[in-house]
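Engineer: Next up is a structure, given as structure tokens.
The values are calculated or read from the model by the stated rules, or taken from the named source; none is laboratory data. Given the structure is predicted, the values throughout are model-derived calculations rather than measurements. Here the Cβ is made from the backbone with ideal geometry for all residues, glycine too, and neighbour counts use every protein chain on show.
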Amino acid sequence: MKALFIRCYGKLTADMMIGGLIDMGVPPVYLKSKLKDAGLPDNFIEKPNPKAQISAHYFHIPPYGDKPLLLKQADLFRIWKDICSKGAPEWEETGWKVFSALTAGVSHAIDEIPADVVDLRRAGVSEENLISLYLFLACLDYLEVETLFTCPFTISKGKTEKGKSSAAILTDAVSTVGKEVPAEDVDPFAAAMLEGLSAAFMPMDGRFLTDRTAYGSSSAEKPTGDNTLAEYLGYFTDRGESVFSRHMKVFGMSAGLDL
């Protein structure tokens, strides 16, 4: 089973995850073609850092156009449906998993406002996040990733609405070891991507054979341990009962396989 592990050391955004997958070998020209397929602008920024202490890839989708004052759950569904209908209809249901984790966490963190009513902009969510999700799934598709895992990490409780939202979203990420990651450094949409798409939060062990390692950074000039995440591509095998028999794969296919 071809799998991807994501390890968060500090700052975490969806664009950092894409940067790491470009560093893994996904061609930027492929991502531009996927954006054109969906009728989206392809003016993203990407930059390698081969001479830095940590050789990581920077990726960023710049803000575009005027936006409505509020952004609610129904808006996410509408925009995502439009993107997928043009670019990849089979990914529409996958996005719902992310939106479900996102709105539930933000609702819990911000005054218990119902998930279908809460203004997601209060947690820093934007329309560009949906483009990032689309490109992340495109990267997984290009690399033929069948299952996504996230290494457990400890996150603080959060002090701001954004931080509290991230902490509330990541219900499965809790670890009692390692340095605590400040919740304010974890973007809520990125947190929802991990929570909604990961088959499990589990450490890499002998069942996973690493083939490639890559890094994504939030800094175009000075990637460091705190602003860089690691991604590991390889093969996961487990001859006993595995997480695959209990969880749907990233793209919604049945995972009940004999390994």
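Engineer: Just to be sure, is Asp141 farther than 30 Å from Gly25 by Cα, acidic (Asp, Glu) and more than 13 Å from the chain's Cα centre (by Cα)?
Structural biologist: no
Engineer: How about the range 105-127: which of its residues are modelled with pLDDT of 95 or more, surrounded by fewer than 19 Cβ atoms within 10 Å (Cβ to Cβ) and in a helix (DSSP H, G or I)?
Structural biologist: Correct list: Arg121 only.
Residues are listed down the side, and each one gets a yes or a no for (1) modelled with pLDDT of 95 or more; (2) closer than 30 Å to Thr224 by Cα; (3) surrounded by 15 or more Cβ atoms within 10 Å (Cβ to Cβ); (4) touching a strand residue (DSSP E or B) at 6+ places or on another chain (Cβ under 8 Å):
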{"site": "Met16", "(1), (2), (3), (4)": "yes, yes, yes, yes"}
{"site": "Val29", "(1), (2), (3), (4)": "yes, yes, no, no"}
{"site": "Ala56", "(1), (2), (3), (4)": "no, yes, yes, yes"}
{"site": "Asp66", "(1), (2), (3), (4)": "no, no, no, no"}
{"site": "Ile79", "(1), (2), (3), (4)": "yes, no, yes, no"}
{"site": "Leu102", "(1), (2), (3), (4)": "yes, yes, yes, no"}
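Engineer: What's the total number of residues in the range 198-220 that are closer than 14 Å to Glu231 by Cα, among the small types (Gly, Ala, Ser) and in a strand (DSSP E or B)?
Structural biologist: Number satisfying all stated conditions: 3.
Engineer: Follow-up. Look through the range 95-108, keep the residues that are in contact (Cβ under 8 Å) with a residue 60 or more places away in the chain and among the small types (Gly, Ala, Ser), and return whichever of them is nearest to Ala192 (Cα to Cα).
Structural biologist: Looking at residues that are in contact (Cβ under 8 Å) with a residue 60 or more places away in the chain and among the small types (Gly, Ala, Ser), I get Ala101.
Engineer: Something else now. Among the residues of the range 64-86, is there at least one that is out of contact with any helix residue (DSSP H, G or I) (no Cβ under 9 Å at 6 or more places or on another chain) and small (Gly, Ala, Ser)?
Structural biologist: The answer is yes, given that some residue of the range 64-86 is out of contact with any helix residue (DSSP H, G or I) (no Cβ under 9 Å at 6 or more places or on another chain) and small (Gly, Ala, Ser).
Engineer: Cβ-Cβ below 6 Å, separation at least six or inter-chain, first residue in the range 142-163 and part of a loop (DSSP other than H, G, I, E, B), second of a type in the set (Val, Ile, Thr): which pairs?
Structural biologist: These pairs meet every condition: Phe153/Val181.
Engineer: Return the only residue of Ala190, Ala138, Ala115, Ala200 being closer than 29 Å to Gly234 by Cα, in contact with a helix residue (DSSP H, G or I) (Cβ under 8 Å, 6 or more places away or on another chain), without any contact (Cβ under 8 Å) to a residue 60 or more places away in the chain and among the aliphatic types (A, V, I, L, M).
Structural biologist: Answer to the check: Ala200.
Engineer: What helices (runs of 4 or more DSSP H) completely inside the range 1-100 contain at least 1 residues that are closer than 26 Å to Ala167 by Cβ and among the small types (Gly, Ala, Ser)?
Structural biologist: In the range 1-100, 14-24, 73-87 are the helices (runs of 4 or more DSSP H) which contain 1 or more residues that are closer than 26 Å to Ala167 by Cβ and among the small types (Gly, Ala, Ser).
Engineer: Take Met17 and tell me if it is of a type in the set (A, V, I, L, M), under 27 Å from Arg122 (Cβ atoms) and touching a helix residue (DSSP H, G or I) at 6+ places or on another chain (Cβ under 7 Å).
Structural biologist: Here the answer is yes, as Met17 does meet what is asked.
Engineer: When the residues of the range 200-231 are narrowed to those that are modelled with pLDDT of 90 or more and aliphatic (A, V, I, L, M), which ends up nearest to Lys97 (Cα to Cα)?
Structural biologist: Looking at residues that are modelled with pLDDT of 90 or more and aliphatic (A, V, I, L, M), I get Ala200.
Engineer: Ok, one more. If we scan the range 154-162, do we find a residue that is under 12 Å from the mean Cα position of the chain (by Cα) and either surrounded by 22 or more Cβ atoms within 10 Å (Cβ to Cβ) or of a type in the set (Phe, Trp, Tyr) (or both)?
Structural biologist: no
Engineer: Also: Considering (1) surrounded by 22 or more Cβ atoms within 10 Å (Cβ to Cβ); (2) closer than 22 Å to Leu170 by Cα, say which one Arg7 fails and leave the rest.
Structural biologist: Going through the list (1) surrounded by 22 or more Cβ atoms within 10 Å (Cβ to Cβ); (2) closer than 22 Å to Leu170 by Cα, Arg7 breaks only (1).
Engineer: Now, a different point. If Ala38 meets every condition in (1) loosely packed, with under 14 Cβ neighbours inside 10 Å; (2) more than 30 Å from Pro203 (Cβ to Cβ); (3) not aromatic (Phe, Trp, Tyr) apart from one, which number is that one?
Structural biologist: (1)
Engineer: Here are some conditions: (1) under 19 Å from Tyr232 (Cα atoms); (2) surrounded by 17 or more Cβ atoms within 10 Å (Cβ to Cβ). Asp205 meets all but one. Which one does it not meet?
Structural biologist: (2)
Engineer: Residues in the range 166-178: is at least one assigned to a loop (DSSP other than H, G, I, E, B) and of a type in the set (D, E, K, R)?
Structural biologist: Yes, because at least one residue in the range 166-178 is assigned to a loop (DSSP other than H, G, I, E, B) and of a type in the set (D, E, K, R).
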